[in-house]
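Structure first, commentary second.
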Amino acid sequence: MRSKHTKRRYEVSDDDIALSEKRMYGAKRPETHAYVASGLGVTRVETAGGQIGRFSLSERCNARDVAGASGEVAVATDEDVLVLTDDGFVPTGFGPATAVGYDGDGLLAAGDSRVARYTGEWQGIGEVADVRAIDGDRLAAAEGVYALPSLDRLGLVDVTDVAGDYAATESGLYRYESGSTDSDGEWTEVRPGRHMAVASDGEQVHAAAADGLYELANGAWEPCTLPATERVVDVTCGDDTYAITENGTFLVATAAEATADGQGGWRQRSLGVPDVVGVAVA
C-alpha cells in the first residue's frame, strides 16, 4: 500500500539545515539537484561539496523510473511521462511508462511494449516488451539489451539496467565488446550474481549488486564503504556519485579536495520515502 504521509514529513526544517547550508553554499562545488523516484513521488535533494541539504517532495505520483541529462529531468509514472519545467513537472501525453532515458537527440520513453522519442510530441521508434531502463544508445528489457534507435537485440536476458557498455542482469554484470558492427559483439561477465543497477560516465563505473555497491578501480571491482546498510537500488554519476537505497537513504560520494571540510567519501541522509526505484541528476 502506498504511503499517505503528507509532504511536510519529507522536508527538513530551517534549523536542521542551517549549518549544512552554510557549508554547502560556500563550498567549492556548485549546487546540484538530485531527483529520487519512489512510490510516493519525486523527491528533490540539494547537494553541494559533499553536503546534503534541503529535500522536498516535488511531485506526488507513482514513479517507476527517473532520468536526467543536460539540465533536463524526466519521470516515468503509471499514468504518463513527466518532464521538469520552470512550473514543475508536467505531463507529455505518452501514457503509462516503465522507463525513461536520454541520448544525444533527447528524451526516450518505453511502456506497454512501445518505445518512442519526444520532440514536443511522441514519435514511435518500435516495440520492445517489458523495458526496464534506457541509457544513451542502449535499452534494457526482460528479453535482453537492445540498440537504439534500431532496436536490434544485442543479447542477454533478464536485464535490469544498462549504462554504456555495461549491463546489469539477474545473473551477473556484463560488458559488451563490439564486433565488426555493433550488433555482432559479445558479452563478457565481469561480476557474477544478481545486479540491480549500473552507472558509468566513461571514466568511472559503479554497480549495485545484491551484496552491496561496487566500484571499478584499477581493473578490479572494489566494494564501496557506505555509511548505510540498506540495499542500494540505483546509482548515478554527475559532479559526484549519487546512490539511493530501497528504504530511501540518499548517498553521495565526493573527492576530498571538492568538499568544504576536506573530508571525502560517502555521506548519507534519510529521506523517509517508500518504494524507491531510482535516482537521477539534471
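Counted residue by residue at 0.36 nm each, then reduced by the alpha carbon distance between them, the extension gain from residue 220 to residue 171 reaches 15.7 nm. In this calculation the C-beta distance from residue 72 to residue 194 is compared with R0 = 22 Å, giving a FRET efficiency of 0.10.
Positive end of the dipole of region 48-131 (Cβ unit charges, origin at the Cα centre): among 83, 125, 94, the Cα lying farthest that way belongs to 83.
From its DSSP helices (H runs of at least four residues, each -39,500 (n - 2.57)), the chain gives a residue-normalised ellipticity at 222 nm of -1500 deg cm²/dmol.
Across the chain, Cα pairs under 8 Å and at least six residues apart give a relative contact order of 16 percent. Considering only 63, 197, 268, and ranking their Cα positions along the charge dipole of the chain that arises from unit charges at the beta-carbon of Lys, Arg, Asp and Glu, the one farthest toward the positive end is 268.
Taking amide H positions as modeled 1.01 Å from N, with prolines and chain starts lacking one, no residue 5 or more places away or on another chain lies under 5 Å from residue 221.
On the basis of the beta-carbon distance and an R0 of 25 Å, residue 229 and residue 282 show a calculated FRET efficiency of 0.30. Taking 7 Å steps out from each Cα toward its Cβ at residue 158 and residue 79 produces label points 3.5 nm apart.
Computed from Cα positions, the angle between helix 14-25 and the longest principal axis of the chain comes to roughly 70 degrees. Charging the Cβ of each Asp and Glu at -1 and of each Lys and Arg at +1, and nothing else, the dipole of region 7-281 about its Cα centre rounds to 820 debye. With neighbour counts taken as other beta-carbon atoms within 10 Å, the residues 241, 85 rank, fewest first, as 85, 241.
For region 189-256, a simple Cβ point-charge model (Lys and Arg +1, Asp and Glu -1, everything else neutral) yields a dipole of about 200 debye relative to the Cα centre.
Given that just one value was derived from the coordinates, which of (i) 20.1; (ii) 19.1; (iii) 20.6 is Kirkwood radius over Cα pairs in Å? It is the one labelled (ii). Counting other Cβ atoms within 10 Å as a rough exposure proxy, the listed residues 159, 205 run 205, 159 from fewest neighbours to most. Model label points for residue 143 and residue 86, set 7 angstrom from Cα along the Cα-to-Cβ axis, are 4.4 nm apart.
Where a number appears in this text, it was derived from the coordinates with a stated rule and is not lab data. As the structure is a computational prediction, the values presented were derived from the model and not from experiment. Ideal geometry is used to build each Cβ from the backbone, glycine not excepted, and the neighbour counts take in all protein chains shown.
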